[in-house]
Amino acid sequence: ITNDEKQALLGRRADGWNAGRLSLICGEPEAGEDMMAAVIREVKEESDLDFKLAELFREVTDTDSVRGEVWRVWYFWGIGQGEVQLKLDEITETRWVSEGDLDDLDMIPGHREILREFFGGGKNAGTT
């Protein structure tokens, strides 16, 4: 989720093994739900923002280090419209960050690298 200042929105996870760490707004699709609908729903659920201009930014194959499961992760980018209202059982705070902020943040694995690529212009990131 980006804003007019070319910053990305991060949320501090409230639960799970990454509780307390910053991450991109994220989630999983529900049964039968397509990816774009899942992204729009998850952004709305976690931040109350309406997600617009969503495009696929990157697709990554990842492995769960605990269970050894392999899954595909899709990263989308777009603009969040409205005012952030947190769902506190999932996200305890949000923060807009720029590329220069990344080194000083405690983030979940992989998200810092995705943001570096995004800010560096990978796949025309952040342009409309």
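The values are calculated or read from the model by the stated rules, or taken from the named source; none is laboratory data. Nothing here was measured: the structure is a model prediction, and the numbers come from that model. Note: ideal-geometry Cβ built from the backbone for every residue, glycine included; neighbour counts use all protein chains shown. The area values use the complete protein model at the heavy-atom level, side chains included, leaving out ligands, DNA and RNA. Shrake-Rupley method; radii C 1.70, N 1.55, O 1.52, S 1.80 Å.
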Leaving out ligands and nucleic acids, and using a 1.4 Å probe, what accessible area per residue does the chain come to in Å²? 59 Å²
Between Glu117 and Ala37, take the C-beta separation as r, use R0 = 25 Å, and let me know the FRET efficiency to the nearest 0.05. 0.50
Can you give the extra length, in nm with one decimal, that the chain gains between Val70 and Asp15 once fully stretched, where that is 0.36 nm per residue apart less the Cα-Cα distance? 17.6 nm
May I ask you to compute the full-extension gain from Asp50 to Glu5, defined as 0.36 nm times their residue separation minus their alpha-carbon distance, rounded to one decimal in nm? 14.4 nm
Just one of [x] 44, 39, 29; [y] 73, 42, 20; [z] 39, 27, 27 is Cα extents along the principal axes in Å as worked out from the coordinates here. Which one is it? [z]
How big is the dipole moment of segment 1-84 about its Cα centre under a simple scheme where the beta carbon of each Lys and Arg is +1, that of each Asp and Glu is -1, and everything else is neutral? Debye, nearest 20, please. 320 debye
